[in-house]
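Take a look at the structure set out below.
The values are calculated or read from the model by the stated rules, or taken from the named source; none is laboratory data. These numbers were taken from a predicted model, which means no experiment stands behind them. Here the Cβ is made from the backbone with ideal geometry for all residues, glycine too, and neighbour counts use every protein chain on show.
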Amino acid sequence: MIRHTVAFRLKHAPGSDAERDFLRAACELADIQGVRKFECLRQTSAKNPFTFGLSMEFADAAAYGFYCDHPEHTAFVRERRIPEVDENMELDYAAHTPRASGAKNAPRQDEPGAARRNAG
């Protein structure tokens, strides 16, 4: 599983029609094949300069790559994100379970191939 997140601040005035239009267009990215658990989020603290975020999940790297290269996504980036976003930061995560101390060679269940290694 890959969780793709984007935090951003728009050039538009808060509460403006332009802001709402951008966010509506961003939410249409949820319709691209492979996107799961899509969320449009509003920042609630002053810990960073961003005001909104998008979060979504993909089953695997192939699904995420399909999304990144999809014509609707690339058009959104070119026609909306680049001209309308003042600042942004993208973070992509995969599930991670830290190993117990002293278990250097024990495979984690979330590692690719772990089931194969555990099978024998």
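Brief remarks follow.
- Number of positions in the stretch 62-120 that are assigned to a helix (DSSP H, G or I) and either of a type in the set (S, T, N, Q) or modelled with pLDDT of 95 or more (or both): 23
- Matching residues, the stretch 30-53, being under 12 Å from the mean Cα position of the chain (by Cα) and either touching a residue at least 60 places away in the same chain (Cβ under 8 Å) or crowded, with 16+ Cβ neighbours inside 10 Å (or both): V35, F38, G53
- Look at (1) surrounded by fewer than 17 Cβ atoms within 10 Å (Cβ to Cβ); (2) within 17 Å of S55 (Cβ to Cβ) and you find that S16 fails only one, number (2).
- The set of residues in the stretch 7-37 that are part of a loop (DSSP other than H, G, I, E, B) and either farther than 14 Å from C68 by Cα or of a type in the set (G, A, S) (or both) comprises K11, H12, A13, P14, G15, S16, G34.
- Pick from the stretch 54-75, criterion without any contact (Cβ under 8 Å) to a residue 40 or more places away in the chain, small (G, A, S) and loosely packed, with under 13 Cβ neighbours inside 10 Å, ranking: farthest from L91 (Cα to Cα): A75
- In the stretch 1-13, residue surrounded by the most Cβ atoms within 10 Å (Cβ to Cβ) [restricted to those that are more than 15 Å from N88 (Cα to Cα) and under 15 Å from the mean Cα position of the chain (by Cα)]: I2
- Residues of the stretch 1-42 that turn out to be over 12 Å from E84 (Cα atoms), in contact with a strand residue (DSSP E or B) (Cβ under 8 Å, 6 or more places away or on another chain) and not polar (S, T, N, Q), as a count: 18
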